[in-house]
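The values are calculated or read from the model by the stated rules, or taken from the named source; none is laboratory data. Note that the structure is predicted; figures quoted are calculated from it, not measured. We place every Cβ from the backbone using ideal geometry, glycine too, and count neighbours over all the protein chains shown.
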Amino acid sequence: MKQPVTLAIVGAGRRGEAYAAYAIEHPDLAKVVAVAEPREFQRQQMARAHALPARNVFASWEELAQAPRLADAVLVCTMDPLHMAPVLALAPKGYAILLEKPLSTNLAECERICACVKEHGNLFALCYVLLYTAFTKRLKAMLDAGVIGDLVSVQHLEPVGWWHQAHSFVRGNWRNEAESSFMLLSKSCHDMDWLRHIMGRPCRSVASFGSLRHFRPSERPPGAADRCLDCGVEAQCPYSAKRFYLDQFGRDATVDYCVAVITDDRTPAGVARALREGPYGRCVYASDNDVVDHQVVALDFADGATAAYTMTAFTPTLHRQTRLFGARGYIETDSVKIKHFDFVTEKETVVDTGVGEGTATAAAGHGGGDYGLMQAFVEAVATGDPRKVWSGPDEALTSHRLVFAAERARRENRVVALSEFTAPGGLP
Ligand SMILES: NC(=O)c1ccc[n+]([C@@H]2O[C@H](COP(=O)([O-])OP(=O)(O)OC[C@H]3O[C@@H](n4cnc5c(N)ncnc54)[C@H](O)[C@@H]3O)[C@@H](O)[C@H]2O)c1
């Protein structure tokens, strides 16, 4: 019988836990054999869930890197600025590497990571989970089969959602560029990569606009307090932390997922304490956030095709919405259903790809993308065939160049040619 692929988890936070769940669901295919995590609660939780021997429980990636290789693969799930160091230390040991996006927070480090894994011949996948959903696979197959003919342009909306923006990008881990990274990198690198994948041709130049328009002190309503629990106008505020975390805790799976980020004490009293003392109870107009809350990117591809991308905080909870304009037909999607209108027959057909974007299990997370990624990665490691993953170092670097080019375009208020980011290999 084939042995399961063995995994070491670096960073047992939300993402490390989500990927490790794959091994619990498929013990025949994958097994978590080690963890490296400085936070006691998360480290012990992972150790218990996977019955890890004490010798394989480490307090940091640095400790894990001191040990001889003890798994087939390592899953690097630390925060954005802490991606390069563990990869550079663990790659020479011969681990296959699954790395959380983004590659890193500056382009030089992204290039170093990709060069390192290529030099050491590590099987490598970046966690571009959107590529691995049943929806993307089906859409890409339709486009490759030519159902809408030449793909001339695309309109893609990333509806971040009002509460998600407040949780992650105003109060939370990705609110401040110096502590994590800019919004287009931390959130939208998925979408730049998805557009790269869907368009299937090199991007030539980009323009971009966007700003932090709403979540700033000038927008603070009269009478608002610095914390929602002390606030007299909280009941009228769409971003009330009290309403989101405290009132809905235990009644909504998404809220419970977010609560696990804000406190280890998952009781009403624990949540209230986190809101009184921690960053997630702050008024959204009195935080230390500086990342944009809306941004557009216009992309010009090498053959003259175009794409228009919008990221905005100010939406309900929706999946990504995309319209694809082809010479023979039109596709409209909500990342679950694909509606195709054919210009010859004038008929519309609808393909329902099934799963929506949930967060609770590896199978449901990111529309099944978390599961699809783990399935592809584990299979690639088991067979030694890197073609089973579609987010290897070359694809990852191409889309990161796109992200850095678009952000440069926004900051410098000009059209940026991708050739400004050309690597020795040519156009990204
Ligand atoms: N692919 C996706 O769709 C997706 C979604 C959300 C987040 N992410 C990315 O995943 C990464 C992790 O995000 P998260 O929400 O799980 O964060 P998290 O804070 O929940 O987890 C990160 C963990 O790394 C641990 N850590 C810190 N220093 C360490 C060290 N020296 N050695 C080992 N572990 C260490 C932290 O204690 C923490 O538990 C980020 O880069 C984030 O941008 C990706």
Determine whether region 3-11 contains at least one residue that is surrounded by fewer than 23 Cβ atoms within 10 Å (Cβ to Cβ), farther than 22 Å from LYS93 by Cα and without any contact (Cβ under 8 Å) to a residue 60 or more places away in the chain.
-> no
Within region 126-133, identify whether any single residue is away from the ligand (no atom under 11 Å from the Cβ), crowded, with 24+ Cβ neighbours inside 10 Å and among the aromatic types (Phe, Trp, Tyr), and answer yes or no.
-> no
Might you check whether a residue that is surrounded by 15 or more Cβ atoms within 10 Å (Cβ to Cβ), modelled with pLDDT of 95 or more, more than 25 Å from ARG216 (Cα to Cα) and under 21 Å from the mean Cα position of the chain (by Cα) occurs anywhere in region 273-281?
-> no
Which residue pairs have Cβ atoms closer than 7 Å, lie 6 or more positions apart in sequence or on different chains, and pair a first residue in region 318-337 that is in contact (Cβ under 8 Å) with a residue 12 or more places away in the chain with a second residue that is crowded, with 21+ Cβ neighbours inside 10 Å and among the aromatic types (Phe, Trp, Tyr)?
-> SER335/PHE135; VAL336/PHE135
Number of positions in region 112-125 that are within 16 Å of the ligand (Cβ to nearest atom) and in contact with a Gly (Cβ under 8 Å, 6 or more places away or on another chain) = 2
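Listed here are the residues, each with its yes/no results for (1) in contact (Cβ under 8 Å) with a residue 24 or more places away in the chain; (2) within 11 Å of the ligand (Cβ to nearest atom); (3) under 23 Å from ASN173 (Cβ atoms); (4) touching a Gly at 6+ places or on another chain (Cβ under 8 Å).
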{"position": "HIS50", "(1), (2), (3), (4)": "yes, no, no, no"}
{"position": "LEU64", "(1), (2), (3), (4)": "yes, yes, yes, no"}
{"position": "ALA71", "(1), (2), (3), (4)": "yes, no, no, no"}
{"position": "ASP80", "(1), (2), (3), (4)": "yes, yes, yes, no"}
{"position": "VAL87", "(1), (2), (3), (4)": "yes, no, yes, no"}
{"position": "LYS93", "(1), (2), (3), (4)": "yes, no, no, no"}
{"position": "SER104", "(1), (2), (3), (4)": "yes, yes, yes, no"}
{"position": "CYS110", "(1), (2), (3), (4)": "yes, no, yes, no"}
Determine if region 160-171 includes at least one residue that is in a helix (DSSP H, G or I), more than 14 Å from the ligand (Cβ to nearest atom), within 15 Å of HIS340 (Cβ to Cβ) and modelled with pLDDT of 95 or more.
-> no
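Are any of the residues in region 188-196 among the polar types (S, T, N, Q), under 15 Å from PHE169 (Cβ atoms) and within 16 Å of the ligand (Cβ to nearest atom)? Full working, then the answer.
Here is the first cut: in region 188-196, the residues among the polar types (S, T, N, Q) are 188.
Cutting the leftovers down to under 15 Å from PHE169 (Cβ atoms) gives us 188.
With within 16 Å of the ligand (Cβ to nearest atom) added as a condition, the list becomes 188.
Scanning region 188-196 turns up at least one residue that is among the polar types (S, T, N, Q), under 15 Å from PHE169 (Cβ atoms) and within 16 Å of the ligand (Cβ to nearest atom).
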Out of (1) within 22 Å of the chain's Cα centre (by Cα); (2) farther than 30 Å from ALA380 by Cβ; (3) of a type in the set (S, T, N, Q), what's the single condition that is false for SER180?
-> (2)
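Residue-wise test of (1) closer than 29 Å to ALA178 by Cβ; (2) out of contact with any helix residue (DSSP H, G or I) (no Cβ under 9 Å at 6 or more places or on another chain).
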| site | (1), (2) |
| --- | --- |
| PHE215 | yes, no |
| GLY250 | no, no |
| THR254 | yes, no |
| ASP264 | yes, no |
| TYR285 | yes, no |
| ASP290 | yes, yes |
| LEU299 | yes, no |
Can LYS101 be described as more than 17 Å from GLU379 (Cα to Cα), out of contact with any helix residue (DSSP H, G or I) (no Cβ under 6 Å at 6 or more places or on another chain) and among the basic types (Lys, Arg)?
-> no
Flag if VAL152 is away from the ligand (no atom under 16 Å from the Cβ), of a type in the set (Val, Ile, Thr) and in contact (Cβ under 8 Å) with a residue 60 or more places away in the chain | yes
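Can you tell me which residue in region 9-48 is nearest to the ligand (Cβ to nearest atom), limited to those that are of a type in the set (Asp, Glu) and assigned to a helix (DSSP H, G or I)? Break it down into steps so the answer makes sense when it comes.
Going through region 9-48, the residues of a type in the set (Asp, Glu) turn out to be 17, 25, 28, 37, 40.
Going one step further and asking which of them are assigned to a helix (DSSP H, G or I), we end up with 17, 25, 40.
Values: GLU17: 7, GLU25: 18, GLU40: 10 Å.
Of everything passing the filter in region 9-48, GLU17 is nearest to the ligand (Cβ to nearest atom).
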Report the residue count in region 316-353 for those that are part of a loop (DSSP other than H, G, I, E, B) and crowded, with 17+ Cβ neighbours inside 10 Å.
-> 5
Taking ASN106 as meeting all but one of (1) surrounded by fewer than 21 Cβ atoms within 10 Å (Cβ to Cβ); (2) of a type in the set (S, T, N, Q); (3) closer than 22 Å to THR6 by Cβ, write down the number of the exception.
-> (3)
